[in-house]
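**Q** Below is a structure I'd like to ask you about.
The values are calculated or read from the model by the stated rules, or taken from the named source; none is laboratory data. What you see is a predicted model, and the numbers here were worked out from it, not measured in a lab. Backbone-built Cβ (ideal geometry, glycine too); neighbour counts: all protein chains shown. For the accessible areas, the whole protein counts, side chains as well, though only heavy atoms, and no ligand, DNA or RNA atoms are used. Shrake-Rupley method; radii C 1.70, N 1.55, O 1.52, S 1.80 Å.
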Amino acid sequence: VSSARLVSECLSQGEMRVSCSSEGGDSPQYSWTLDGRTLTEDKLLSGNHETDNITLRQNVEGVLSCSVKNHVSHLEKYQRISTCGE
C-alpha cells in the first residue's frame, strides 16, 4: 500500500459519509477507529469497520482513523471530524 486518502462529506440529515481509498496494493483490508477505539454499531449508519466506506450517524466527532493493510505493508490515515451542519 503506497498511499491512502480519507475523504468525508456531509449528508442531508447530518450524517457523514467517509471513504478511505488506497493505491499500490492488491486486496487491501480496511479497519476504522474513532479516538483509538473500533467503530461500533451505535456510531455507524451503514457499512462496518472493515469496509472502505462508511456512513457515520449524526453528532459523531473525534479523530477518525482508517487503517489499510495488505500482505506487504500497512498504512494509517487520520482525520479529525466534527459534527455536520454546525
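**Q** If you scan the stretch 67-86, which residues turn out to be open to solvent by 30 Å² or more (accessible area, probe 1.4 Å), within 29 Å of residue 26 (Cβ to Cβ) and not in a loop (DSSP other than H, G, I, E, B)?
**A** Of all residues in the stretch 67-86, those open to solvent by 30 Å² or more (accessible area, probe 1.4 Å) come to 69, 71-80, 82, 85-86.
Retained after the next criterion (residues that are within 29 Å of residue 26 (Cβ to Cβ)): 69, 71-79.
Result: 69, 74, 75, 76, 77, 78, 79.
**Q** Look at residue 5 and say whether it is at pLDDT 95 or above, of a type outside the set (A, V, I, L, M, F, W, C) and either out of contact with any Pro (no Cβ under 7 Å at 6 or more places or on another chain) or open to solvent by 80 Å² or more (accessible area, probe 1.4 Å) (or both). Lay out the reasoning, then the answer.
**A** Details: at pLDDT 95 or above: no; of a type outside the set (A, V, I, L, M, F, W, C): yes; either out of contact with any Pro (no Cβ under 7 Å at 6 or more places or on another chain) or open to solvent by 80 Å² or more (accessible area, probe 1.4 Å) (or both): yes.
So residue 5 fails the test.
**Q** Under the condition of being among the aliphatic types (A, V, I, L, M) and part of a strand (DSSP E or B), which residue from the stretch 33-66 is surrounded by the fewest Cβ atoms within 10 Å (Cβ to Cβ)? Lay out the reasoning, then the answer.
**A** Step one: list which residues in the stretch 33-66 are among the aliphatic types (A, V, I, L, M), which gives 34, 39, 44-45, 54, 56, 60, 63-64.
Still in the list and also part of a strand (DSSP E or B): 34, 44-45, 54, 56, 63-64.
Details: 34: 19, 44: 19, 45: 16, 54: 24, 56: 26, 63: 12, 64: 24.
Restricting to residues being among the aliphatic types (A, V, I, L, M) and part of a strand (DSSP E or B), the top hit is 63.
**Q** Determine, yes or no, whether residue 18 is touching a residue at least 60 places away in the same chain (Cβ under 8 Å), buried (at least 16 other Cβ atoms within 10 Å of the Cβ) and either in a strand (DSSP E or B) or out of contact with any Cys (no Cβ under 8 Å at 6 or more places or on another chain) (or both). Before you say what the answer is, go through the steps one by one.
**A** Values: touching a residue at least 60 places away in the same chain (Cβ under 8 Å): yes; buried (at least 16 other Cβ atoms within 10 Å of the Cβ): yes; either in a strand (DSSP E or B) or out of contact with any Cys (no Cβ under 8 Å at 6 or more places or on another chain) (or both): yes.
In short, yes.
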